[in-house]
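Take a look at the structure below.
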Amino acid sequence: MLRTAALLSVLLLALPAHAAAPVGDPAAGAQTAKTCASCHGATGNESLDGTYPLLAGQHADYLAKALRDYRSGARSNAVMAGFAQALSDEDIDNVAAYFASQPGALHDLSRIDQR
């Protein structure tokens, strides 16, 4: 009984984190992301300036949080804030899903010990 209660507690604690993950439509995000292409490239792999991050393959939840933070002012960048202001929560989730679905040069380091 105690073991079942402990397992249930762990599952309930994980639920809010899972529920908070953005679920977007990559196809809709591709349309919205056309604005992003001028700096980050069409797929997020072709940054026009070495200081602009590559977005392709990035985790959707990270991208969504970054865009929401630019929009709210919690993250400071005048250019990104201007673009993010025009995005709804749905737009942000869609753009994040689009760039996350693109093949990119990012590496998952969570399994680095398995090399």
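The values are calculated or read from the model by the stated rules, or taken from the named source; none is laboratory data. Predicted model, so just to flag it, every value in this text is computed and none were measured. Cβ: placed from backbone, ideal geometry, glycine included. Neighbour counts: every protein chain shown.
From the residues in the stretch 67-103 that are touching a residue at least 60 places away in the same chain (Cβ under 8 Å) and in contact with a Leu (Cβ under 6 Å, 6 or more places away or on another chain), which one is surrounded by the fewest Cβ atoms within 10 Å (Cβ to Cβ)? Among them, the one singled out is ILE92. Against the test of being out of contact with any strand residue (DSSP E or B) (no Cβ under 8 Å at 6 or more places or on another chain), in a helix (DSSP H, G or I) and at pLDDT below 95, the options PRO16, PRO53, PRO22 yield a single qualifying residue, PRO16. Residue pairs whose Cβ atoms lie under 6 Å apart, sitting 6 or more positions apart in sequence or on different chains, and linking a residue in the stretch 28-41 that is in contact (Cβ under 8 Å) with a residue 60 or more places away in the chain and surrounded by 16 or more Cβ atoms within 10 Å (Cβ to Cβ) to a partner that is of a type in the set (Ser, Thr, Tyr) and in a helix (DSSP H, G or I), are GLY29/TYR98; ALA30/TYR98; ALA33/TYR98. Among the residues of the stretch 42-66, those identified as crowded, with 18+ Cβ neighbours inside 10 Å and out of contact with any His (no Cβ under 6 Å at 6 or more places or on another chain) are THR43, GLY44, LEU54, ALA56, GLY57, GLN58, ALA60, LEU63, ALA64, ALA66.
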